[in-house]
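This report concerns only the one structure given below.
The values are calculated or read from the model by the stated rules, or taken from the named source; none is laboratory data. Predicted model only: the values in this text are computed from it and were never measured. No Cβ is skipped: glycine too gets one built from the backbone with ideal geometry, and neighbour counts run over all protein chains shown. Note: areas computed on protein heavy atoms with side chains; ligands, DNA, RNA excluded. Shrake-Rupley method; radii C 1.70, N 1.55, O 1.52, S 1.80 Å.
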Amino acid sequence: MLQEKKFYPWFVVGMLWIVALLNYLDRQMLSTMQQSIGITIPAIQDPANFGRLMAIFLWIYGCISPISGAIADKLNRKWLIVGSLGVWSAVTSFMSLCTSYESIYTLRAIMGVSEALYIPAGLSLIADYFTGKGRSLAIGIHMTGLYTGQALGGFGATVADLFSWQDTFRWFGIAGVIYAVVLVLFLRDKRSTPEIEAQELYGAEAGAEISKVEKFNPVSLLKGFGLIFSNIAFWVILFFFASSSLPGWSTKNWLPTLFAENLGLAPGVAGPASTISIAVASFIGVMIGGPISDKWVKRNLRGRIYTSAIGLGMMIPCLIMIGLGHNAVTTLAVCLLFGIGYGMFDANTMPILCQFIPSRLRASAYGVLNMTGVFAGALVTQVLGEWAIEGNLGLGFAYMSVVIAIAIILQLTLLRPKTDNCEEVASDFSNKIKLDIEIN
């Protein structure tokens, strides 16, 4: 069978790479097709209405992320990924039928729910397939799907001009639904759960008892989050993930404006120059940072942390120069360096999380990271908007380097992993159950 082949874990990465691409592509197209849609739905041309339309996705996406992570830790991730892709692709296709602002607003909110279900499930699934070498590279390659989707989403307006915005939504949505069927045929879940561990150690009866305890319910959900938040290392990871989200979202939302202001570039040039340069550089950063981390961790368990810190460190001077620079060639070169650093960091977040959080809680933990990152991005987007009014947008970019520096200090001083793959055998449950079995 295909899943028994040695190359199958990389096949999973390839399949999920396409899902990641569609995840960002479908959400990004709306922003690039604002003008085209506005001809049919004039309310979208109003900046306040369009801001609310974009914000509803972010707020719902952020709020649902921890819940989606908890669900992924309890249910079969294959069907969660298939369902998530199928729903948001159907929503994308249904957007082609919208004739009012209210209808497209409602669908955008539903998309926020369905897309939030994917990332925690997808990343934790890849992490479980790569328990040894190659984890950072595999995670990083998957993340390049997000970069590619973001970059291709910028061409939504181009496709809409060639055909129509309705056709663009319709056919990209249909493509996603068809691909969800492909995943049904070829994608398989893989995980080591407490019930499986107990079954291997103590027999089928113990596994069945563990399954009852671990079944999806509010009590186990709260216990899981309690274990995550009681871990000091998780708070450090949460801080440096949120810190990186500040420049990450700032470059997505404000870098084209900064390029137009500081470099005097036309909007048609500033947009692609900013988004594509960082997306391409981030891809390069992943291909550099992933293998370095995977090799370094064999010699030193802090190798992934060091690789991540190097990536963050590269971002510090880049943010200062991007914010305060006025030379187009120099600024674009710095953006490339920033993207490489971001890619090195991005490839190692989940692998570092795997050093401190057991597999049965990783999706939940990453869901919390995702929520915090999105909220940090929403906050910094609003703050930079106020600074832009005062003419201090570039200064805002420069100040973010201070937050990154603090994150690096905490990362290097407080994170000391004892293993590259934190796992917990359900010893407490298993011992209790074994004792009960012996007594009875």
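Tabulated results
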{"item": "Table column - 3J(HN,Hα) (Hz), segment 16-25, Karplus curve with 6.51, -1.76, 1.60, x for Gly and Pro", "result": "6, 4, 5, 4, 4, 4, 5, 4, 7, 4"}
{"item": "Backbone N within segment 241-267 under 17 Å of label point (7 Å from Ala328 Cα along the Cβ vector)", "result": "256-267"}
{"item": "Carbon + sulfur, % of accessible area of the chain - ligands and nucleic acids excluded, 1.4 Å", "result": "69 percent"}
{"item": "Directionally averaged shadow of segment 331-415, computed from the convex hull of its alpha-carbon atoms, nm²", "result": "6.6 nm²"}
{"item": "Helix-only mean residue ellipticity at 222 nm for the chain, each DSSP H run of n ≥ 4 adding -39500 (n - 2.57), per residue, nearest 500", "result": "-28000 deg cm²/dmol"}
{"item": "Per-residue ³J(HN,Hα) for segment 397-413, Karplus 6.51 cos²θ - 1.76 cosθ + 1.60, θ = phi - 60°, Hz, x for Gly and Pro", "result": "4, 5, 5, 5, 5, 5, 4, 4, 4, 4, 4, 5, 4, 5, 4, 7, 8"}
{"item": "Acute angle (nearest 10 degrees) that the helix 165-186 long axis makes with the longest principal axis of the chain, alpha-carbon atoms", "result": "20 degrees"}
{"item": "0 to 90° range, to nearest 10: angle between helix 328-346 axis and the chain longest Cα axis", "result": "10 degrees"}
{"item": "Karplus-derived 3J(HN,Hα), 6.51/-1.76/1.60, for each residue of segment 352-363, Hz, glycine and proline x", "result": "5, 4, 5, 6, 10, 10, x, 4, 6, 10, 5, 5"}
{"item": "Pairs beyond 27 Å (Cα-Cα), from Lys74/Lys252; Lys5/Lys78; Lys223/Lys418; Lys190/Lys298", "result": "Lys74/Lys252"}
{"item": "Residue-normalised accessible area of the chain, given per residue in Å² at a 1.4 Å probe", "result": "41 Å²"}
{"item": "Radius 13 Å from Cβ of Ile56, net charge of other residues (Lys, Arg +1; Asp, Glu -1)", "result": "+1"}
{"item": "Residues Arg299 and Lys190, FRET efficiency given R0 of 25 Å [Cβ-Cβ distance, rounded to 0.05]", "result": "0.35"}
{"item": "Radius of gyration and maximum dimension Dmax of the chain, Cα, Å", "result": "22.3, 80"}
{"item": "By average C-beta atoms within 10 angstrom, highest first, the peptides 363-371, 258-266", "result": "363-371, 258-266"}
